[in-house]
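Chemist: This is the structure, below, for whatever I ask next.
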Amino acid sequence: MSLTVVILFVDWLIIIFTFCLATTYILSPNSLLMNIKDKQKALNKIAKEIENCIICREGKIGVAVPGEGNPDADIVFIGEAPGKQEAASGRPFIGRSGKVLRALIQEAGLKEQDVFITSPVKYLPEYVTPTLADIEHGRTHLYKQFAVIKPKVVVLLGNTAAIAVLEQKFSIAKDHGKVIERDSITYLITYHPAAPLYNPPIKKDLIKDFKKLKKIIKQ
Ligand code: URA
C-alpha cells in the first residue's frame, strides 16, 4: 500500500469518526437537556442583571419580575408591567389578570410549563402605567431574553407589549387578532388579560384571538 492510500484511509476514518460523534451528540436527549440548561443559565444571568439594574428600579416598587416558564419555549406571552401581587412575589401574572391569562393558555391547548410569560417592564411603576421611557428601557432586557429563548410565536397582550416589541402603536380594539410576521417570528396582537375584568364583553374577543393562536400553533 502506498503512503498516499494510507493517508487517504486515515483521513476517511477521521471524517467518519467525527460524523458519528456529531450525530450522537445532536440526537442524544442529553444535548437537548444541555441546551435548555444553558438557556436557563443565560436567563438567570439576565434576571440578575434586571435585579441589579438601577434604571429599571428608578421610581418602581417591589422586587423584579423578570418572567418565568420554559427557557426553550416556542411561544412567549408579553404583558405590560407587574401588578402589586407580582411585585411582592417576583412572579409574573399571578393576580386576577394572571388567572384570565393562564386559563386562556390552557384553553389554547398549551401547558404553562411549555410557554414563557414576561413583560417589557420588569418592575411595578409607582405611577402604575409605565411610561415610554420605562418601555424603551425595559425592552432592552426583553430583547436579551428573546435572543436566548428564540420563540417562534410571540403573543402581545395589549398596547404596551405591542409598542415594546413591534415599536409601533396599535388600536387594540381594531387590531386585536392581527398576525404579523417579522424576522421569522409570528406576532399575534390581542388584549391585555386585565381588559375583560374592566370591560367583560372583551372576553369573547380574547377567546377568539386565543382560538387563532391555537390554529397558528398547529400549522
Ligand atoms: N400585568 C402584566 O402585564 N404583567 C404581570 O406580570 C401582571 C399583570
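Chemist: Using a 1.4 Å probe, how large is the accessible area of V179, given in Å² and rounded to the nearest 10?
Modeler: Here the residue's solvent-accessible area equals roughly 60 Å².
Chemist: Tabulate in residue order the Karplus-calculated ³J(HN,Hα) for segment 88-94, using 6.51 cos²θ - 1.76 cosθ + 1.60 with θ = phi - 60°, rounded to whole Hz; enter x for Gly and Pro.
Modeler: So the J values, rounded to whole Hz, are 7, 9, x, 10, x, 6, 10.
Chemist: Same structure, new question: Work through the residues other than A73 whose Cβ is under 12 Å from its Cβ and net out their charges, Lys, Arg +1 and Asp, Glu -1.
Modeler: Result for the local shell: -1.
Chemist: With all protein chains present, how much of the accessible area of the chain (probe radius 1.4 Å) comes from carbon and sulfur, to the nearest whole percent?
Modeler: 62
Chemist: Oh, and also: Solvent-accessible area per residue for the chain at a 1.4 Å probe radius, Å²?
Modeler: 57
Chemist: Out of all DSSP beta bridges with both ends in segment 41-218, state the antiparallel percent to the nearest 5.
Modeler: Once the DSSP bridges in segment 41-218 are tallied, antiparallel ones form about 40 percent.
Chemist: Go ahead and run the numbers for FRET between K152 and E126, Cβ-Cβ distance against an R0 of 35 Å, rounding to 0.05.
Modeler: According to the calculation, E is roughly 0.45.
Chemist: Not counting ligands, DNA or RNA, and with a 1.4 Å probe, what is I217's accessible surface area in Å² rounded to the nearest 10?
Modeler: I217 exposes around 60 Å² with every protein chain in place.
Chemist: Could you work out the Kirkwood radius for segment 41-218, taking every pair of different alpha carbons, averaging 1/r and inverting it, reported in Å?
Modeler: 15.9
Chemist: Please list, by residue number, every one of the GluC sites (Glu not before Pro) in segment 76-168 that is coil in DSSP and has at most 13 other beta-carbon atoms within 10 Å.
Modeler: Qualifying residues, ordered by number: E126, E167.
Chemist: Continuing with the same structure: Just how large is the dipole of the chain about the Cα centre, in debye to the nearest 20, putting +1 at every Lys and Arg Cβ and -1 at every Asp and Glu Cβ?
Modeler: Computed charge dipole of the chain: roughly 700 debye.
Chemist: List the chymotrypsin sites (Phe, Trp or Tyr not before Pro) within segment 91-148 that fall in a DSSP loop (any state other than H, G, I, E or B) and whose Cβ has at most 16 other Cβ atoms within 10 Å.
Modeler: Sparse-neighbourhood loop chymotrypsin sites (Phe, Trp or Tyr not before Pro): Y127.
Chemist: Please check which bits of segment 152-195 a label hung off Q219 would reach, taking the label as a point 7 Å along Cα-to-C-beta and the cut-off as backbone N under 13 Å.
Modeler: Correct set: 152-154, 178-189.
The values are calculated or read from the model by the stated rules, or taken from the named source; none is laboratory data. Only a predicted model underlies this, so the values are computations on that prediction, with no experimental measurement involved. Cβ coordinates were reconstructed from backbone atoms using ideal geometry, including for glycine residues, and neighbour counts include every protein chain displayed. To get the accessible areas, we keep the full protein, side chains included, count just its heavy atoms, and leave off ligands, DNA and RNA. Shrake-Rupley method; radii C 1.70, N 1.55, O 1.52, S 1.80 Å.
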